[in-house]
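Remarks on the structure that follows.
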Amino acid sequence: MKPIPASEQRKVVERLMKACGGAYPPEVRRRYFISGPQWAAAYEGQALFHAPTRAPVSFEEVIRRYGEIGIGWWSTHDTDVIPTRALGTDEQWEILERIRKALAEAGVACSMVTTETFFHRVWAAGPAAESPQVRDYAAWRLKNTVKIGHELGASYAVYWPGSLGYLVQGAVEETQTLRWYAEALNAACRADIEIAAKRGRPTLKHCLEAKPFEPQGEILLPTSDAMLAFIDSGLLEHPEMVGLNPEYLHELMWGAAPRAALARVLLRGKLWHFDINDGYRLKHDVDIAVGLVNPLDWLNVLVLLRSHGYNGPFNLDYKPPRTTSNWGVFAVSFPTAVDRFITLWEMAGDVISDPVIQEATEALKAGGEPAGALDAEAIAEANKELLNLHELIAHRLVQILWGQHRGRHYVL
């Protein structure tokens, strides 16, 4: 193949995108509660060892392009769109009015707001630092984000305490730090109750997001299970207002099974919001788009969520690769991420209704013929052949992932 001039390269990408097929029109994509974060689309490709590879993009463009793609909801950190110095000032409200206008023009709604408590140097010791000034500022930031959420019509607020921890031993007293962190959440919930009553709106769903490591070396609330324990610790004034926003990769990073973690959150009734992406166990937080690394695991996750009637947001919390251009972010990365999710979600419906899996599952539940109630050998013998169905079910899941249940076969 001859070298391709820069002026012709987009045409090649567009042609091959069409050749891939499998795309859904915007009106179909909007049927799903998929939200696009400001930070994901505006990510410039920078990282600890990497310079940016893309130019900055405004929230107006992000919202407009999400609307064109068919992503019906938008989410943001406070300082993704409002400079830190402008928070709480007239400039904040002017920016929020621009956001409201952009959302209305694009036919997009704001689903979630979150507070940045990890990037600015004021958080060097975390949002629950020893300094009362830092803690008071953190509480004010959370309350201000609640105001922003109500102003934009959001239903969810998410908190990622990634800097709640330490880098060196003995730096913090963990129980006190957790108490201080609870104070900020309590302030946010109190403010929410007051604002919601004045506006005649429901209170926000306040969702905690766990991460096992980064940016601190040791994090005090590293997993969804730790978050559940924190909610039930008695430190929160309104634990009924606080649930979880698990992230798929955050659970995977520490070696866990995301589906198992989600199951525990479902049992507690606290799965309110879900960040979707992909990546690798025991690795860096690479935030790859959903289904590009673990499609079979993702199918299993969505079977679980569909089976339990999850109806909250699926937030596209991933980073378009550094190799993707500004144009490619909206022409390739986000449309394909949405389409893979929709396909996996619909495949999960096929799994739930599949007659082979249904019969295998029912057979396992029925068990073998009655054996001696206290005879371990007899019970094992009565059930041993049925247990082969575990692997058969896994095989059937792979067939559904490949489309073999719909007649797709390779002819050799």
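Every number here is computed from the coordinates shown, using simple stated rules; none is lab data. What you see is a predicted model; the values in this text were computed from it and never measured. Cβ atoms come from the backbone with ideal geometry, glycine included; neighbour counts cover every protein chain shown.
Scalar couplings 3J(HN,Hα) for segment 258-265, obtained by applying the Karplus form with A = 6.51, B = -1.76, C = 1.60 to θ = phi - 60°, are x, 4, 5, 5, 5, 4, 5, 5 Hz; x denotes Gly and Pro. Toward the positive end of the charge dipole of segment 355-406, with +1 on the Cβ of Lys and Arg and -1 on the Cβ of Asp and Glu, the farthest Cα among ALA376, LEU387, ILE357 is that of ILE357.
State the Cα centre-to-centre distance between segment 309-359 and segment 154-174 in whole Å. After rounding, the separation between the Cα centres reads 29 Å. Think of it as helices only: each DSSP H run of n ≥ 4 in the chain is worth -39500 (n - 2.57), and spread over all residues that comes to -15000 deg cm²/dmol at 222 nm.
Convex hull volume of the C-alpha atoms in the chain, normalised per residue: 201 Å³. Computing FRET efficiency as 1/(1 + (r/R0)^6) for ALA55 and GLU8, where r is the C-beta to C-beta distance and R0 is 22 Å, gives about 0.55. Dipole orientation for the chain: of the candidates LEU267, ALA256, ILE71, ILE71 has the Cα lying most toward the positive pole (charges on Cβ; Lys, Arg +1; Asp, Glu -1).
Rounded to whole numbers, the Karplus 3J(HN,Hα) couplings from phi for segment 400-409 are 5, 4, 8, x, 5, 5, 9, x, 7, 9 Hz, using 6.51 cos²θ - 1.76 cosθ + 1.60 with θ = phi - 60°, and x at Gly and Pro. Under the simplified labelling scheme, the HIS390-LYS283 pair shows an inter-label distance of 2.7 nm, with each label point 7 Å from Cα along Cα→Cβ. Considering only GLN169, GLN133, GLN38, the Gaussian network model of the chain with Cα springs below 10 Å gives its largest mean-square fluctuation to GLN169.
I need the calculated FRET efficiency for the pair GLU130 and ARG406, taking r as the beta carbon distance and R₀ as 41 Å, to the nearest 0.05.
0.10
Full extension of the segment from LEU292 to GLU218, taken as 0.36 nm per residue of separation minus the current Cα-Cα distance, would add 23.8 nm. Residues whose amide H comes within less than 5 Å of that of TYR280, counting only those at least five positions distant or on another chain, are VAL286 (H built at 1.01 Å from N in the peptide plane). Equivalent-ellipsoid semi-axes for segment 355-406 (Cα gyration tensor, √(5λ), whole Å, largest first): 29, 10, 5. In this label model, ALA260 and HIS308 are separated by 1.5 nm, measuring between points 7 Å along each Cα→Cβ vector. With a cut-off of 11 Å between beta carbons, the residues surrounding GLY153 carry a summed charge of +2, where Lys and Arg count +1 and Asp and Glu -1.
For segment 147-152, the Karplus equation 6.51 cos²θ - 1.76 cosθ + 1.60, evaluated at θ = phi - 60°, returns couplings of 4, 4, x, 5, 4, 8 Hz by residue, with Gly and Pro reported as x. Under a model in which nothing but the beta-carbon of Lys, Arg (+1) and Asp, Glu (-1) is charged, segment 355-406 shows a dipole of about 420 debye around its Cα centre.
Of all DSSP-defined beta bridges confined to the chain, some 15% are antiparallel rather than parallel. Which one of GLY217, GLY126, GLY72 has the biggest mean-square fluctuation once the chain is modelled by GNM with Cα springs under 10 Å? Per the Cα network of the chain with a 10 Å cutoff, GLY217 tops the list.
Loop-located GluC sites (Glu not before Pro) across segment 305-412 with a Cβ neighbour count of 14 or fewer within 10 Å are GLU385, with loop assigned by DSSP. Sequence-distant contacts, meaning Cα pairs under 8 Å at least 6 residues apart, place the relative contact order of the chain at 14 percent. At full extension, ARG199 and VAL356 could sit 51.4 nm farther apart than now, given 0.36 nm per residue minus the alpha carbon distance. Would you mind checking LYS270/LYS384; LYS198/LYS270; LYS11/LYS101; LYS101/LYS143; LYS18/LYS319; LYS283/LYS384 for any pair whose Cα atoms are more than 30 angstrom apart? Table pairs above 30 Å Cα-Cα are LYS270/LYS384; LYS11/LYS101; LYS283/LYS384. Springs join every pair of Cα atoms under 10 Å in this Gaussian network model of the chain, and among LEU208, LEU304, LEU249 the largest mean-square fluctuation is at LEU304.
Binning the C-alpha pair distances of segment 253-412 at 5 Å intervals from 0 yields a P(r) profile of 2, 7, 13, 16, 16, 15, 12, 8, 5, 3, 1, 1, 1, 0 %, listed from the shortest bin outward. Taking amide H positions as modeled 1.01 Å from N, with prolines and chain starts lacking one, the residues under 5 Å from ASN315 and 5 or more places away or on another chain are SER35, PHE274, ASP275, ILE276. Compared with the alpha-carbon gap, the fully stretched path from HIS120 to GLU377 is longer by 86.3 nm at 0.36 nm per residue. Of the trypsin sites (Lys or Arg not before Pro) found in segment 257-293, the ones in coil according to DSSP and having at most 14 other Cβ atoms within 10 Å of their Cβ are ARG281, LYS283.
Over segment 181-334, the hull volume per residue, using the convex hull of the C-alpha atoms, is 144 Å³.
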